[in-house]
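I have placed the structure first, in the form of structure tokens, so that the comments after it can refer back to it.
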Amino acid sequence: MDQISPSLFEAAGIAPELRFPITVIEGDRPIAMMIGERYGEISTDVFALADFPEEVAAALARIIAEKQAGRPALANRKGYKFSTRAPGRDTLRGSITSVDEAVAQSSERAAFDTLKSKSGFGPPVEEIRATARNLDGLAVELLRKAGTTGVPLMTLYEAMAISGAGLFERDDYEGRQILREQIGWLRERVSNDEDGGRSPRWMAMDSDLKAIKEGLESEM
């Protein structure tokens, strides 16, 4: 983090006194997003999935892009939570063959009642997609200015998709679907990036990332 983040802040034109902290958190899914306006978070799962330091840089670039865009993370716009409603005695005495079925049907009714009382279901898919493309486009430009290409963001997304993850900020059905869309979208936009090989600066960090990954694996 200390080796990678300064070059990305510099690429973004953010003066040292205006740079914000990016905290590493433990997690079982890849997260790289702003938390409010004061700091960012990146999860250890990003390091576990990354094959090269440039892919960690891609996740950091995504955080800085979100800060630059000034848009709150879609994960902070929470949807509705459905609580289980215990079945009544009449339900249990009816034709339901098990308590599990009774609880399931009661929960479905509770969810349906909640949806009926609300006017929406969270951000529309079009908004999620537009936000993802805007942030990914900004992240690719930051990566290019930092001496690499946009390819690492695409390859990190591919690893995330294989692991069953969604977008950094949305690990739900829409997030997983749009992540897969973004892989194809990025592939078209980074296809012209020059393949001049990896720079020695980035290759020098390979051993550090390898040590981190081995440490994470030993903790599992």
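The values are calculated or read from the model by the stated rules, or taken from the named source; none is laboratory data. Predicted model, so just to flag it, every value in this text is computed and none were measured. For neighbour counting, all protein chains shown are included, and Cβ atoms are generated from backbone atoms with ideal geometry for every residue, glycine included. For accessibility, only protein heavy atoms count, side chains too; no ligands or nucleic acids. Shrake-Rupley method; radii C 1.70, N 1.55, O 1.52, S 1.80 Å.
Within region 1-74, list the GluC sites (Glu not before Pro) lying in a DSSP loop whose Cβ has at most 16 other Cβ atoms in a 10 Å radius.
Values: sites: E10, E17, E26, E37, E41, E54, E55, E66; in loops: E26, E37.
Here the GluC sites (Glu not before Pro) that fit, given the DSSP loop and packing criteria, are E26, E37.
In region 124-157, what GluC sites (Glu not before Pro) fall in a loop by DSSP, with at most 14 other Cβ atoms inside 10 Å?
Details: sites: E126, E127, E141; in loops: none.
Listed in order of number, the matching sites amount to none.
In region 164-219, carbon and sulfur make up what percent of the accessible area (probe 1.4 Å)?
Answer for region 164-219 is 48 percent, counting heavy atoms of protein chains only.
The slack in the chain from A69 to D208, taken as 0.36 nm per residue of separation less the alpha-carbon distance, amounts to 47.0 nm. Under 5 Å between amide hydrogens, built in the peptide plane, is the criterion, and for G40 it picks out I22, T23, I35 among residues at least 5 positions away or on other chains. Of interest is the spacing of the C-alpha centroids, which for region 1-59 and region 128-149 amounts to 14 Å.
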